[in-house]
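Notes follow once the structure below has been shown.
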């Protein structure tokens, strides 16, 4: 028997479960009273009013970041609770510069901790939703681009929230003295008056009022709403203590996003993980089948490619054998040697270039007496004898200039001699230039 929903309202703890037709009559689900959270044995959702809690919409002179802290202080100082207060924010947003609105549920810390401790003692995962989180979830789901109200009448109480996707304008609880027809009529009249007052104070137009129902709901009067329509949320039939009721509160609960639950992150993770286990198992089975099928498919393709590769290799081998018998190898060593020698010769200075280099480095009054040029495979070798009919200092400078100039042209000085007499000087230089 599948159980996934529990509702705690007005001091009573309900269990909503799928039931066979024999026990639920025409209804597909049945409702029964149970002891409390300790009765829960499988993953479920719990919607609760927390008994002695209150829900409020406050405008505070702080940024939204600090609104829950200031709201707790406001409630604490109001004296509505004897001990420390815990705040459960449902919605908060900046209103103007320096102010923000916050919709929250307040309850004693001891009460909240009792619920959290009860969840820890369960073997199952439980998501707990405050009642006003469900009402806010309906506004988020059904308001579209307009402004709507959500009214939930149960026992002798009406919970009312008015807002849109972007803003909550009003939230209140209206209570009658008892459940007599006269008091219930007065209760609905107070709801109508409060809706009209919100429209006038906020300067807004409410498109419609969506009403939620439960087994303790009293039907509203058909008249008195003027132009404002009361839209019952589509619901379902449930059986409770031998009677069948048309209720829409379970449908509203299904509209509530999990993020509005007060349960911890680990509790939410465990809840959704178990809910997704069948889908994950099916997905893993599909992936396994795809993997096995892919293995055999790719193995077959690999075998085909290997066969084609062997054929290509055999064809290349045959072509190489045929070419080796037709083409006679040619020895190009001599050609390469000749080309290397030819290229080397282009880098060796010619005799004319040597003469030009020497002439450019000798001053007027100096002349070459002898020039011996020898070309080798590694380069060129020079032996130069120069006679200078110049004073000693000019002749010696010409000697140094000649040696330095030849060095800059890439010649290495192997030997250099300088001889002088009264009227003339003579110098000898042996040079090499390698390539």
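The values are calculated or read from the model by the stated rules, or taken from the named source; none is laboratory data. The model shown is predicted, which means the values in this text are computed figures rather than measured ones. Every residue, glycine as well, gets a Cβ built from its backbone with ideal geometry; the counts of neighbours run over all protein chains shown.
Answer yes or no as to whether residue 331 is in contact with a helix residue (DSSP H, G or I) (Cβ under 9 Å, 6 or more places away or on another chain) and free of Cβ contacts under 8 Å to residues at least 12 places away in the same chain. No; evaluated as a whole, the condition is false for this residue. Only one of the numbered conditions (1) over 23 Å from residue 214 (Cα atoms); (2) touching a strand residue (DSSP E or B) at 6+ places or on another chain (Cβ under 8 Å) is violated by residue 165, and that is (2).
Being at pLDDT 90 or above and surrounded by fewer than 18 Cβ atoms within 10 Å (Cβ to Cβ) is true of residue 69.
Restrict the check to the stretch 321-344 and report whether at least one residue is outside any loop (DSSP other than H, G, I, E, B), modelled with pLDDT under 80 and surrounded by 12 or more Cβ atoms within 10 Å (Cβ to Cβ). Yes. Selection within the stretch 120-144: residues that are more than 29 Å from the chain's Cα centre (by Cα) and farther than 29 Å from residue 172 by Cβ. The member of this set that is surrounded by the most Cβ atoms within 10 Å (Cβ to Cβ) is 122.
Scan the stretch 123-137 residue by residue and report those that are touching a helix residue (DSSP H, G or I) at 6+ places or on another chain (Cβ under 7 Å) and in a loop (DSSP other than H, G, I, E, B). Once the filter is applied, which keeps residues that are touching a helix residue (DSSP H, G or I) at 6+ places or on another chain (Cβ under 7 Å) and in a loop (DSSP other than H, G, I, E, B), the stretch 123-137 yields only 125. Cβ-Cβ contacts under 9 Å between residues 6 or more apart (or on different chains), taken from a first residue in the stretch 1-25 that is outside the structural domain of residue 246 (by TED's automatic domain parsing) to a second residue that is buried (at least 19 other Cβ atoms within 10 Å of the Cβ) and at pLDDT below 55, are absent. List every residue pair whose Cβ atoms lie under 8 Å apart, where the two residues are 6 or more positions apart in sequence or sit on different chains, the first residue falls within the stretch 99-116 and is assigned by TED's automatic domain parsing to the domain that holds residue 54 and touching a residue at least 12 places away in the same chain (Cβ under 8 Å), and the second residue, located anywhere, is surrounded by fewer than 14 Cβ atoms within 10 Å (Cβ to Cβ) and in a helix (DSSP H, G or I). Going by the 8 Å Cβ cut-off, there are no qualifying pairs. Whether a residue is assigned by TED's automatic domain parsing to the domain that holds residue 247, modelled with pLDDT of 90 or more and in a strand (DSSP E or B) was assessed, and residue 195 does not pass this test. State which residue is nearest to residue 353 (Cα to Cα) when the search covers only the stretch 404-435 and only residues that are touching a helix residue (DSSP H, G or I) at 6+ places or on another chain (Cβ under 9 Å) and part of a helix (DSSP H, G or I). Across the stretch 404-435, the extreme among qualifying residues is 406.
Residue by residue, here is whether (1) surrounded by fewer than 16 Cβ atoms within 10 Å (Cβ to Cβ); (2) modelled with pLDDT of 90 or more holds:
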position	(1), (2)
371	yes, no
375	yes, no
378	yes, no
382	no, no
404	yes, yes
411	no, no
423	yes, no
431	no, no
434	yes, no
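Scanning the stretch 304-319 for any residue that is part of a helix (DSSP H, G or I) and modelled with pLDDT under 75 turns up nothing.
If you go through the stretch 345-363 and keep only what is without any contact (Cβ under 8 Å) to a residue 12 or more places away in the chain and surrounded by 10 or more Cβ atoms within 10 Å (Cβ to Cβ), you end up with 345, 350, 353, 356, 359.
Residue-wise test of (1) in a strand (DSSP E or B); (2) free of Cβ contacts under 8 Å to residues at least 24 places away in the same chain; (3) touching a helix residue (DSSP H, G or I) at 6+ places or on another chain (Cβ under 7 Å).
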site: 50; (1), (2), (3): no, no, yes
site: 58; (1), (2), (3): yes, no, yes
site: 65; (1), (2), (3): no, yes, no
site: 86; (1), (2), (3): yes, no, yes
site: 91; (1), (2), (3): yes, no, yes
site: 139; (1), (2), (3): no, no, no
site: 151; (1), (2), (3): yes, no, yes
site: 158; (1), (2), (3): yes, no, yes
